[in-house]
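Okay, so here's the structure we're looking at.
The values are calculated or read from the model by the stated rules, or taken from the named source; none is laboratory data. Model, not experiment: these values are computed from the prediction. Neighbour counts are summed over all protein chains in view; Cβ atoms, including those assigned to glycine, are modelled from backbone coordinates with ideal geometry.
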Amino acid sequence: MILSKFKLCIINFGTRFLLIMLAFWVVVIVTPLTAQSQVKTSTDVNTPENKEINYSIIIDSLTNELDDLKNNLFIRQEFLLDSITNVNQTNYNKLFEQLSTISSISSSNVGNTISFLELILSIIGVFIAIFSIAGYAYVKQKFEKLQKGYEDKFNQKSREFEIMIEESRGNFYFSLRYFRQAADIFNKILTFDPENFYAHEKLGFLYTGDVLNNPDRAINHCMEALRINPDAETLYLNLLVASGHAKRPFHEIDNIYKKAIKKFEGQHIDDMIMGKLKLFYADGFSAEYPKKLKEAEQIYNEAIDHFNKISKNNSEKERWLRQAQEGLDRLKNPKQ
């Protein structure tokens, strides 16, 4: 309601202001221009009508015209003043009421309105501050998470690169038959990466050999490597050999052998690996069951068949083939 009255007051005041400006324009601008045009026309002696007019007559004529213009200007001025006075007298009360309304708005409600606007601005400022702090915290969290992700990837790649270098060093010492130095390097790799399959596999082999000769540690590393990769056929062989060296109960060796045979069933496995697996199992089987000659002979013969399938003749093949044949001969001639 207050806003409607305020708008009405503004419209009325604007209308009156435009009327006053229009009257001012008529009196001050239009009338002098009209008088100037009339004077100019009257003083033009070059027209045919005025060529023979006496100068004094022109002066009198001009004087009379100027008097008429003054009277006309005075009349218009009086009319304008009467109009303004009439407007003020007739609308004074209404204008006073409107101004009073405006005054009441400005004096009482405007203060409340300004206070309300200040409260709204304060609330908006608080929300902006809260959102700014929350936005900063969110961006900071995302940045730290992204930074940590890149750091983790960098550290992971650095560890992988370092492990790759250590594996190369370990293989180098292993190829030179420096088994102790190679074992130290592969143990170092496990401090970086406890789930490193390659290090467990190599340590299983190294601790089975005669140089380090620690079959119990070899068994542990072989078991860890098989847990990581159950399809590594060489580990079954190494585990079986390490178990024999550690003098584990035969049922453990038997379980390893049967598990390997079942695992490799239907697969093409290297004949050298299968020959060694059967050879070592046959040695343990014949020692555990001396009266089961036929079963032991069959296992030795299977080992010999795998060695004979190897097309390439080399010292390793000849060595293991000879060892399998000697085991078979001991069964047939136990007194020898």
Can you tell me which of (1) without any contact (Cβ under 8 Å) to a residue 12 or more places away in the chain; (2) over 25 Å from K332 (Cα atoms); (3) in contact with a helix residue (DSSP H, G or I) (Cβ under 9 Å, 6 or more places away or on another chain); (4) part of a helix (DSSP H, G or I) is the one Q267 doesn't meet? (4)
Please list, ordered by first then second residue, the pairs with beta carbon atoms under 9 Å, 6 or more apart or interchain, first in segment 315-336 and under 17 Å from A296 (Cα atoms) and part of a helix (DSSP H, G or I), second of a type in the set (F, W, Y) and modelled with pLDDT under 85. none
Residues that are surrounded by fewer than 16 Cβ atoms within 10 Å (Cβ to Cβ) and aliphatic (A, V, I, L, M), drawn from segment 147-189: M164, I165, L176
Considering segment 301-327 alone, what residues qualify as being within 60 Å of the chain's Cα centre (by Cα) and basic (K, R)? K309, K312, K317
Note: among Y236, Y281, just one is under 55 Å from the mean Cα position of the chain (by Cα), within 25 Å of H200 (Cα to Cα) and among the aromatic types (F, W, Y), namely Y236
Checking P230 against (1) within 47 Å of the chain's Cα centre (by Cα); (2) closer than 19 Å to N171 by Cβ; (3) not in a helix (DSSP H, G or I), only one condition comes out false. Which one? (2)
Taking the condition within 26 Å of N333 (Cβ to Cβ) and of a type in the set (D, E), does E252 pass? no
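May I ask you to say which residue of D216, D184, D210 is more than 41 Å from the chain's Cα centre (by Cα) and touching a residue at least 24 places away in the same chain (Cβ under 8 Å)? Outline the logic, then answer.
Details: D184 fails: touching a residue at least 24 places away in the same chain (Cβ under 8 Å); D210 fails: touching a residue at least 24 places away in the same chain (Cβ under 8 Å).
Going through D216, D184, D210 in turn, the sole match is D216.
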Those residues that are closer than 15 Å to L277 by Cβ and of a type in the set (A, V, I, L, M), I need them from segment 297-336; list them, please. I299, A303, I304, I310, L321, A324
Quick check on F197: is it more than 23 Å from L235 (Cβ to Cβ) and either modelled with pLDDT of 95 or more or of a type in the set (A, V, I, L, M, F, W, C) (or both)? no
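Looking at A199, A246, can you tell me which residue is in contact with a Leu (Cβ under 8 Å, 6 or more places away or on another chain) and surrounded by 11 or more Cβ atoms within 10 Å (Cβ to Cβ)?
Numbers: A246 fails: in contact with a Leu (Cβ under 8 Å, 6 or more places away or on another chain).
Residue meeting the stated conditions: A199.
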Within segment 299-336, restricting attention to residues that are among the β-branched types (V, I, T) and over 15 Å from A287 (Cβ atoms), which residue is modelled with the lowest pLDDT? I310
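How many residues are in contact with a helix residue (DSSP H, G or I) (Cβ under 7 Å, 6 or more places away or on another chain) and either in a helix (DSSP H, G or I) or of a type in the set (K, R) (or both) if we restrict to segment 245-258?
Here is the first cut: in segment 245-258, the residues in contact with a helix residue (DSSP H, G or I) (Cβ under 7 Å, 6 or more places away or on another chain) are 245-246, 250, 252-253, 256-257.
Narrowing further to those that are either in a helix (DSSP H, G or I) or of a type in the set (K, R) (or both): 245, 250, 252-253, 256-257.
Number of matching residues: 6.
With out of contact with any His (no Cβ under 6 Å at 6 or more places or on another chain) and either more than 28 Å from R227 (Cβ to Cβ) or not in a helix (DSSP H, G or I) (or both) as the only criterion, which of K157, K145 stands out? Write out each step before concluding.
On the way: K157 fails: either more than 28 Å from R227 (Cβ to Cβ) or not in a helix (DSSP H, G or I) (or both).
Just a single option satisfies the conditions, and that option is K145.
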Verdict on L206 being under 18 Å from K259 (Cβ atoms) and crowded, with 22+ Cβ neighbours inside 10 Å: no
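From the list A225, A260, A218, which one is under 25 Å from D305 (Cα atoms), surrounded by 17 or more Cβ atoms within 10 Å (Cβ to Cβ) and not polar (S, T, N, Q)?
Working: A225 fails: under 25 Å from D305 (Cα atoms); A218 fails: under 25 Å from D305 (Cα atoms).
Testing whether each residue is under 25 Å from D305 (Cα atoms), surrounded by 17 or more Cβ atoms within 10 Å (Cβ to Cβ) and not polar (S, T, N, Q) leaves just A260.
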